[in-house]
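Written out below as structure tokens is the structure these notes cover.
The values are calculated or read from the model by the stated rules, or taken from the named source; none is laboratory data. Given the structure is predicted, the values throughout are model-derived calculations rather than measurements. Glycine also receives a Cβ, built like all others from the backbone with ideal geometry; neighbour counts cover every protein chain displayed.
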């Protein structure tokens, strides 16, 4: 093979064919020594094409008789000496699977030399592969299948790659976090979460807290720069919501995630710290939402018995109430070198924008109070230090540290948000009618620009502060104007019927919320099914609470709550800061593939 530094070359058997096999520093290549066909697979001159297994994606190399029982392959003949190479095979839409090929020879020394040389090259790859993992399994999350998913689909892969795993099945809330904060972690190369976004958040808080503690830093001191975490985190999706996994890998498939862990993929991730004054409340990596998303979560918590359907039910109710909240948002714009939230530059594997941030971090640049100094250089603004201010009534205030993509909404809440650029996207939805807000939600289910509305503003920021406006007899809430398309008796509901011009399908990270919510609000699912039942149940509850939907102002509270990665924050007066590349995942970002996105 031209242009390849050949380290070892032999004629080996693949099934019944004799093949020329080459080992290079970065790959194993093979092709039949003779061509039996003149078809399109044969290259000019009668030479068949080379097949390649990149060593960076080779999982293991085993003599056939030594491989784990589940992975053993039979020899072509009893008198042959054989070994098997196991490697990654790409399937549709970001999914990976395991492929293998068995080479055999009549000479035992040749087979042994190949196994030894190939393993040596595999160990010499630049990426650090894990040898010992700490695995936390949430047995209660999602459909309670975490243990089964790990035992049946993940554990065999780790055994194939000779990775030792110390498995802990969690027994209570914060079990994993407490373990990470207190126990010796020096022998582990990474931490794996088998669960959903809630389990990942718990592990993330434990890893960040432990890193700061080991460095002698106080994470509750906002003036202290946070230390990046050396332990990588792997996510095996097994929860009700797996937003972080989908946004960083491109699929919610346990096997794919396990393969990313095995080959040692490394994806840095920005983290937002959320504080009230000097007090650290939580960290966030996906969605921090006040108003609509906070109200949906708060209402759904009282209906956990409904399972994932509670998000659809509460979402429909919240759209109908159309509450809005007065407040003041102060934010610091990201530097002019950044991409923008509407520039269509998607964050993909090998993202140039995130790579530039990594180079600045390696250069030792430090930010006052943590983060990246050059990344908080302000754009021109009315203020000398780059801070801007918005005041008024808001239906939703969202901070997206990543795209928040999911299977039913592949573009996410902020399609151009980046995983590791040191910034977040602030999405502000000002006062609008139910009809307008429903149209806004529908845009999340297709490829049209969801920010192309006069009542929606989006900014790329590094810091922000939010302060609600609270006063006695505050009358903030539902919309009773005519702009919703309905008269005084229907509160705009009839005006929303048939509003399917923005496309179909879709969903966000809350178990198909957008999909069912939009169908209910737009009348697209009239005819039964779970969506129809949700709409009917929500309508009944609204009628019981009040005679007319148009009088729903009294149903809105004077203030909302914050939805922080699926957890409720009752503190409303908060400050948020983005910490560039604070943690690392066993991932590589979403790969560009034909037909995706």
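What do you reckon, is residue 145 modelled with pLDDT under 95 and farther than 21 Å from residue 263 by Cβ? Judged against the criteria, residue 145 is a match.
Taking region 570-588 on its own, how many of its residues are modelled with pLDDT under 95 and buried (at least 23 other Cβ atoms within 10 Å of the Cβ)? Within region 570-588, residues that are modelled with pLDDT under 95 and buried (at least 23 other Cβ atoms within 10 Å of the Cβ) number 0.
Residues are listed down the side, and each one gets a yes or a no for (1) modelled with pLDDT of 95 or more; (2) in a helix (DSSP H, G or I); (3) buried (at least 24 other Cβ atoms within 10 Å of the Cβ):
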| site | (1), (2), (3) |
| --- | --- |
| 411 | no, no, no |
| 419 | yes, no, yes |
| 425 | yes, no, yes |
| 453 | yes, no, no |
| 488 | no, no, no |
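Residue 263 - would you say it is buried (at least 19 other Cβ atoms within 10 Å of the Cβ) and over 19 Å from residue 138 (Cβ atoms)? Considered against the rule, which asks whether it is buried (at least 19 other Cβ atoms within 10 Å of the Cβ) and over 19 Å from residue 138 (Cβ atoms), residue 263 comes out as yes. Among the residues of region 209-221, are any modelled with pLDDT of 95 or more, assigned by TED's automatic domain parsing to the domain that holds residue 135, touching a strand residue (DSSP E or B) at 6+ places or on another chain (Cβ under 6 Å) and crowded, with 17+ Cβ neighbours inside 10 Å? Within region 209-221, none of the residues are modelled with pLDDT of 95 or more, assigned by TED's automatic domain parsing to the domain that holds residue 135, touching a strand residue (DSSP E or B) at 6+ places or on another chain (Cβ under 6 Å) and crowded, with 17+ Cβ neighbours inside 10 Å. Residue 242 fulfils the conditions (1) in contact with a strand residue (DSSP E or B) (Cβ under 8 Å, 6 or more places away or on another chain); (2) at pLDDT 95 or above; (3) buried (at least 19 other Cβ atoms within 10 Å of the Cβ) except for a single criterion, (2).
For region 381-409, the set of residues classified as touching a residue at least 24 places away in the same chain (Cβ under 8 Å) and in a loop (DSSP other than H, G, I, E, B) consists of 381, 385, 386, 401, 402, 403, 404, 405, 407, 408, listed by residue number.
Evaluating residue 203 against the criteria (1) more than 15 Å from residue 236 (Cβ to Cβ); (2) crowded, with 16+ Cβ neighbours inside 10 Å; (3) in contact with a helix residue (DSSP H, G or I) (Cβ under 9 Å, 6 or more places away or on another chain) leaves one unmet condition, (1).
Pairing residues of region 427-440 that are assigned by TED's automatic domain parsing to the domain that holds residue 322 and at positive phi with residues that are at pLDDT below 95 and not in a loop (DSSP other than H, G, I, E, B), at Cβ distances under 7 Å and at least 6 apart in sequence or on separate chains, gives no pairs at all. When every residue of region 545-564 is checked against the conditions, at least one turns out to be farther than 17 Å from residue 282 by Cα, surrounded by fewer than 16 Cβ atoms within 10 Å (Cβ to Cβ) and at pLDDT 55 or above.
The set of residues from region 27-52 being modelled with pLDDT under 55 and either in contact with a helix residue (DSSP H, G or I) (Cβ under 9 Å, 6 or more places away or on another chain) or assigned to a loop (DSSP other than H, G, I, E, B) (or both) comprises 36, 37, 38, 39, 40, 41, 42, 43.
The condition of being at pLDDT 95 or above and touching a strand residue (DSSP E or B) at 6+ places or on another chain (Cβ under 6 Å) does not hold for residue 76. Please indicate, with yes or no, whether at least one residue in region 387-409 is surrounded by 14 or more Cβ atoms within 10 Å (Cβ to Cβ), in the same structural domain as residue 448 (by TED's automatic domain parsing) and modelled with pLDDT under 80. Yes, region 387-409 contains at least one residue that is surrounded by 14 or more Cβ atoms within 10 Å (Cβ to Cβ), in the same structural domain as residue 448 (by TED's automatic domain parsing) and modelled with pLDDT under 80.
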